[in-house]
Amino acid sequence: MRIPEELLYTKDHEWVKVEGQKVWIGITDFAQEHLGDIVFVELPEVDTEVEAGNSVAVIESVKAVSSVYSAVAGTVAEANAELEEAPEKLNEEPYENWILAVEMSNSDGLQGLMNAAAYEQLCLQQEEEQKGE
């Protein structure tokens, strides 16, 4: 399981890359492994207002349907249209294939994000819990 040091992470297994006022959001390696083969991605409309913690996209896999949540409040600046034709890119290279970019209205949402070490601990804890079930 890869967890790049330079990114931030949510408890819902999204990665976040901050560049100025723009935030790029995708799913982590942990997320794509647990989803299985991704077959469809429903992207948000550009210029849509989003709130931190709200669902902004939907991923369908052979195993499940899962929401993608915005880490910050703001406006959808971009949506990765390549994923509409090739959703499997999220399985192949989850950290190179972002889902959406949000122009932040404020950076409050960034406060609750985890660094790579904290995210790795969360993943390990969840793996242990799944083994115990």
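Observations on the structure shown:
- Amide H contacts under 5 Å for Glu78, placed H, 5+ residues apart: Ala101
- Note, ³J(HN,Hα) from phi for the range 79-86, Karplus 6.51, -1.76, 1.60, rounded to Hz, x at Gly and Pro: 10, 7, 4, 4, 6, 5, 8, 9
- Separation of alpha-carbon centers, the range 69-118 and the range 1-64, rounded to whole Å: 5 Å
- Computed [θ] at 222 nm, deg cm²/dmol, the chain (DSSP H ≥ 4; -39,500 (n - 2.57); rounded to nearest 500): -6500 deg cm²/dmol
- When the C-alpha to C-alpha distance is required to be over 23 Å, the pairs from Lys63/Lys131; Lys17/Lys63; Lys89/Lys131 that qualify are Lys17/Lys63; Lys89/Lys131.
- The average projected area of the range 8-122, computed from the convex hull of its Cα atoms over all directions, is 6.3 nm².
- Using the Karplus relation 6.51 cos²θ - 1.76 cosθ + 1.60 with θ = phi - 60°, the per-residue 3J(HN,Hα) values for the range 5-13 come to 5, 7, 9, 10, 9, 9, 5, 8, 6 Hz, with x marking Gly and Pro.
- Other-chain or far-sequence residues with amide H under 5 Å of Tyr69's (modelled H): Val56
- Integer Hz, Karplus 6.51/-1.76/1.60 couplings in order for the range 65-71, x for Gly and Pro: 10, 9, 8, 10, 10, 7, 7
- Cβ charges +1 (Lys, Arg) and -1 (Asp, Glu), total dipole of the range 8-122, debye: 420 debye
- Once C-alpha pairs closer than 8 Å and six or more residues apart are averaged by separation and normalised to the residue number of the chain, the relative contact order reads 30 percent.
- Ignoring aspartates and glutamates fewer than eight residues from Lys11 along the same chain, the ones with Cα atoms less than 13 angstrom from its Cα are Glu120.
Values quoted throughout were computed directly from the atomic coordinates according to the rules given, and no laboratory measurement underlies them. Given the structure is predicted, the values throughout are model-derived calculations rather than measurements. Heads up, the Cβs are rebuilt from the backbone with ideal geometry, glycines too, and the neighbour counts pull from every protein chain shown.
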